[in-house]
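The values are calculated or read from the model by the stated rules, or taken from the named source; none is laboratory data. Please read all numbers here as calculations on a predicted model, not as lab measurements. Counting neighbours? That spans all protein chains shown, and the Cβs are built from the backbone with ideal geometry, glycine included. Each accessible area value is taken on the protein alone, full model and side chains, heavy atoms only, with ligands, DNA and RNA left out. Shrake-Rupley method; radii C 1.70, N 1.55, O 1.52, S 1.80 Å.
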Amino acid sequence: TSWKKGIADKAVPGQNVTQLKGWQSSIVKDYRVTQTPTSFLLDSEGNIVLKPKRIFEVDNFLRQNIK
């Protein structure tokens, strides 16, 4: 409950996922999360097309791939 309230209070954008198990979460292992926040750019089918380390990587990717 407090995690959901914190997300709402801070108006954190996008989808937020947690299993409330910290670094022991299967999500952390499955998606190779090494820092927080971690962002993923998904295609229309929900496939990960980019796991940027910096926001400018998203801009570069979109410029190259959106026509």
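Tabulated results
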{"quantity": "Pairs where the first residue, in region 41-67, is over 16 Å from G14 (Cβ atoms) and open to solvent by 70 Å² or more (accessible area, probe 1.4 Å) and the second is assigned to a helix (DSSP H, G or I) and not small (G, A, S), C-beta under 9 Å, 6+ apart", "calculated": "none"}
{"quantity": "Selected residue (only one of K4, K29 is surrounded by 10 or more Cβ atoms within 10 Å (Cβ to Cβ), outside any loop (DSSP other than H, G, I, E, B), at pLDDT 90 or above and charged (D, E, K, R))", "calculated": "K29"}
{"quantity": "Any hit, region 47-54, residues being of a type in the set (D, E, K, R), at pLDDT 90 or above and part of a loop (DSSP other than H, G, I, E, B)", "calculated": "yes"}
{"quantity": "Residue count, region 14-36 (criterion: under 21 Å from S2 (Cα atoms), under 13 Å from the mean Cα position of the chain (by Cα) and hydroxyl-bearing (S, T, Y))", "calculated": "2"}
